[in-house]
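The values are calculated or read from the model by the stated rules, or taken from the named source; none is laboratory data. It should be emphasised that the depicted structure is a prediction, and the values quoted were computed from it without experimental measurement. Cβ coordinates were reconstructed from backbone atoms using ideal geometry, including for glycine residues, and neighbour counts include every protein chain displayed.
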There are 2 protein chains.
Amino acid sequence: MSQKLGKASVKPEEPVYILNSASVVGTKEGQGPLGLLFDKVGEEDMFGCETWEDAESSLQKDAVGMALEKAGLKPEDVSFIFAGDLLGQSIATSFGISTYQIPLLGVYGACSTCGESLTLGAMSISGGFADKVVCVTSSHFASAEKEFRFPLEYGSQRPLSATWTVTGSGAFVLSGSPGTGAKKARARITGMTIGKIVDYGLKDSMNMGACMAPAAASTLEQHFIDFASQPGDYDKIITGDLGKVGQKVLIDLLNDRGYDISEQHMDCGIEIFDAQTQDTHAGGSGCGCSAVTLSAYILKQLEENNWKKVLFMPTGALLSKTSFNEGKSVPGIAHGLVIEAL
Amino acid sequence: MSQKLGKASVKPEEPVYILNSASVVGTKEGQGPLGLLFDKVGEEDMFGCETWEDAESSLQKDAVGMALEKAGLKPEDVSFIFAGDLLGQSIATSFGISTYQIPLLGVYGACSTCGESLTLGAMSISGGFADKVVCVTSSHFASAEKEFRFPLEYGSQRPLSATWTVTGSGAFVLSGSPGTGAKKARARITGMTIGKIVDYGLKDSMNMGACMAPAAASTLEQHFIDFASQPGDYDKIITGDLGKVGQKVLIDLLNDRGYDISEQHMDCGIEIFDAQTQDTHAGGSGCGCSAVTLSAYILKQLEENNWKKVLFMPTGALLSKTSFNEGKSVPGIAHGLVIEAL
């Protein structure tokens, strides 16, 4: 039974269902335009922990716990957990989800990790390897600044092309069956396109939107080819955290390739903050950005049938502080999932 | 078609074949007991590059290129690449394999990453999502010391429980069909057990064998239960990089659970160096350790029918320098694969 499609895509023979999900965010996200939609907004950004890294771990722990609870499941009902974050050696994950004792497959795709974890999770169910899996990703503004840039105490200034790392974690319970009644699934995953590394040689880590846009364009074009689809086939084409600069680059790059996505395009990083009043410049970013927006906002639109079908495509910038300090470029990657209303 | 087995295992309905593979190592590994078996031994450990990180990237690039060439394949014949390394944000991978332009699914499981990449690669084929995939992992002594401990120039002393990170990369081409003639596969993957995070609270990053042994014991016990097997069913039970201290702990922990693996146990980290003459203390370690030993030594034994069936179980220590400096423990994880002669 082949579930391959075209050069880089996968089309499960039966849809994989997003049974339930949860979003946990920090104070700034709670004050943003989507604030009222999140399942939990922290009272302060340490979340009662002693380090920023532990705070990020607690986000993952809470998101997974809430997603399982909302789905009426216990950890032992789940076969695998696909998890990752932005920190070196994914420590937010290692110290966040260990208490659940679910077999772990760790993933890394920078801010595209939410898309990667959902892709692999859906494949594991569609391939008959699991009945239910959990996918979780996170980011935290302060742990990310420390990991990639400077300690917050330095008070570094940020150019207008910079994005603001979202403090948040989104967890998703995937299942092979749609559930019923109060346990009905939120949406279904019907296809995935796996991205490759795209490197235009850009080196500005304070303009990651521009660094990632070529990867988003590559995956999107491949998706249209593999699925023989057009922008108009989707109610929304949603990137993770390109921000305002990256959005413009993406739309331009796709125009050059004969696709006009200006009507359908939406970016989680642009939606999650009000750049005018929240001083977030180009938009939100981080593994958590697309994950919490999917859980709190996108799935809600699909549930309410405001949208029927979206392409959800988180984007990642594959840099580290070491690669940046060594003068390397910032390659990008993006993974896309077709998510449809039930 | 369920391919689930027990609580944490997967049994593909049809075996997945390791079509071919390649190993590239540094000078010290070339001088070790397995030296003559590796496909390529570098003349110097910078591999012609300007940074240690680039050197590690070149290992991955060479290993993937050689594995594809040996299998008679081009990059475009491969659906996905499952890849990872130990560096923060997996930069050895991001800058190593981008030229192949194969859709990438990045994985992280510390030194268990080779097992994780092969597990997910085999699942993607067995699930009907791909005909051929590549799995690659790497480590480099100098980039790892810089990432996790101290710059080499400090000349830090190392306790006898410490391991020596292997400079090397192993790449594997997986396929759903066994090939024929000169293109016959090397071995077949017939089952996988996915590990969970196990944390006994040990904090000594200079004794990672002891930190990882409980995870190896957990996965191994679960494997025996899920497959209803016993140690005697395997010619070898092979861990990745427990070293001499971790080996003793693992054998003791398994004894306590009613399994005697002292006859079958082998550790790639113990095999790859001669601790007496190479000053490597407890043994070799790193993502590359189990990968190059699998490619150069284990698959050769299976090809020559010296062994019929092994359990290959790389082990990972889920720490970062940040988690270590913040006083956290060193949790472990291990993923096991049943690999059999054709």
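Being assigned to a loop (DSSP other than H, G, I, E, B), of a type in the set (A, V, I, L, M, F, W, C) and more than 29 Å from B:L302 (Cα to Cα), is that true of even one residue in segment B:175-185? No, every residue in segment B:175-185 fails to be assigned to a loop (DSSP other than H, G, I, E, B), of a type in the set (A, V, I, L, M, F, W, C) and more than 29 Å from B:L302 (Cα to Cα). Here A:D260 qualifies as over 20 Å from the mean Cα position of the chain (by Cα), surrounded by fewer than 19 Cβ atoms within 10 Å (Cβ to Cβ) and more than 21 Å from A:L337 (Cβ to Cβ). Among the residues of segment A:35-62, the ones that are in contact with a strand residue (DSSP E or B) (Cβ under 8 Å, 6 or more places away or on another chain) and aromatic (F, W, Y) come to 1 in all.
Under the condition of being under 19 Å from the mean Cα position of the chain (by Cα) and either within 14 Å of chain A (Cβ to nearest Cβ) or small (G, A, S) (or both), the residues counted in segment B:308-324 number 8. Summed over segment A:309-324, residues that are assigned to a strand (DSSP E or B) and either of a type in the set (A, V, I, L, M) or more than 29 Å from A:E340 (Cα to Cα) (or both) total 4. A count restricted to segment B:62-77 and to residues that are within 14 Å of chain A (Cβ to nearest Cβ) and surrounded by 24 or more Cβ atoms within 10 Å (Cβ to Cβ) stands at 1.
In segment A:26-57, which residues are surrounded by 24 or more Cβ atoms within 10 Å (Cβ to Cβ) and either closer than 28 Å to A:G179 by Cβ or of a type in the set (F, W, Y) (or both)? Of everything in segment A:26-57, those that are surrounded by 24 or more Cβ atoms within 10 Å (Cβ to Cβ) and either closer than 28 Å to A:G179 by Cβ or of a type in the set (F, W, Y) (or both) turn out to be A:F38, A:W52.
Checked against the criteria, A:S320 counts as in contact with a Leu (Cβ under 8 Å, 6 or more places away or on another chain), buried (at least 22 other Cβ atoms within 10 Å of the Cβ) and either within 30 Å of B:K146 (Cβ to Cβ) or at pLDDT 95 or above (or both).
Selection of segment B:240-288 for residues being hydroxyl-bearing (S, T, Y), touching a residue at least 60 places away in the same chain (Cβ under 8 Å) and out of contact with any Cys (no Cβ under 7 Å at 6 or more places or on another chain) yields only B:T280.
Picking from residues in segment B:126-172 that are under 26 Å from B:P103 (Cα atoms) and among the β-branched types (V, I, T), the one that is farthest from the chain's Cα centre (by Cα) is B:V133. Scan segment B:147-172 residue by residue and report those that are in a loop (DSSP other than H, G, I, E, B) and within 14 Å of chain A (Cβ to nearest Cβ). Selection gives B:R149, B:P151.
Okay, residues lined up against (1) within 14 Å of another protein chain (Cβ to nearest Cβ); (2) in a strand (DSSP E or B); (3) within 19 Å of the chain's Cα centre (by Cα); (4) surrounded by fewer than 22 Cβ atoms within 10 Å (Cβ to Cβ):
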{"position": "B:I251", "(1), (2), (3), (4)": "no, no, no, yes"}
{"position": "B:E271", "(1), (2), (3), (4)": "no, no, yes, yes"}
{"position": "B:T277", "(1), (2), (3), (4)": "no, no, no, yes"}
{"position": "B:H281", "(1), (2), (3), (4)": "no, no, no, yes"}
{"position": "B:C289", "(1), (2), (3), (4)": "no, no, yes, no"}
{"position": "B:L294", "(1), (2), (3), (4)": "no, no, yes, no"}
{"position": "B:L299", "(1), (2), (3), (4)": "no, no, yes, no"}
{"position": "B:N306", "(1), (2), (3), (4)": "no, no, no, yes"}
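Scanning segment A:192-206 for residues that are under 15 Å from A:H223 (Cα atoms) and either modelled with pLDDT under 95 or among the charged types (D, E, K, R) (or both) gives a single hit, A:K196.
The numbered conditions (1) within 30 Å of B:A92 (Cβ to Cβ); (2) surrounded by 21 or more Cβ atoms within 10 Å (Cβ to Cβ) are all true for A:V310 except (1).
Considering segment A:227-243 alone, what residues qualify as being within 21 Å of the chain's Cα centre (by Cα) and surrounded by fewer than 18 Cβ atoms within 10 Å (Cβ to Cβ)? Hit for segment A:227-243 is A:P231, nothing else. Within segment A:211-249, the residues that satisfy the criterion of being in a loop (DSSP other than H, G, I, E, B) and within 13 Å of A:L337 (Cα to Cα) are A:F227, A:Y234, A:G240. The residue of segment B:1-25 that is farthest from the other protein chains (Cβ to nearest Cβ), among those that are aliphatic (A, V, I, L, M), outside any loop (DSSP other than H, G, I, E, B) and surrounded by 23 or more Cβ atoms within 10 Å (Cβ to Cβ), is B:V25. Residues in segment A:88-109 include at least one that is at pLDDT 95 or above, closer than 30 Å to A:I270 by Cβ, in a loop (DSSP other than H, G, I, E, B) and facing chain B (nearest Cβ under 9 Å).
Restricting attention to segment B:110-146 and to residues that are touching an Asp or Glu at 6+ places or on another chain (Cβ under 9 Å), assigned to a helix (DSSP H, G or I) and closer than 24 Å to B:A215 by Cα, the residue that is nearest to the other protein chains (Cβ to nearest Cβ) turns out to be B:T113.
For segment A:179-210, name all the residues that are of a type in the set (K, R), more than 14 Å from every other protein chain (Cβ to nearest Cβ) and either surrounded by fewer than 19 Cβ atoms within 10 Å (Cβ to Cβ) or farther than 24 Å from A:L337 by Cα (or both). A:K183, A:K184, listed by residue number. It is to be established whether one or more residues within segment A:26-45 are within 21 Å of B:D199 (Cβ to Cβ) and either in a helix (DSSP H, G or I) or more than 14 Å from chain B (Cβ to nearest Cβ) (or both). Among the residues of segment A:26-45, not one is within 21 Å of B:D199 (Cβ to Cβ) and either in a helix (DSSP H, G or I) or more than 14 Å from chain B (Cβ to nearest Cβ) (or both), which makes the answer no.
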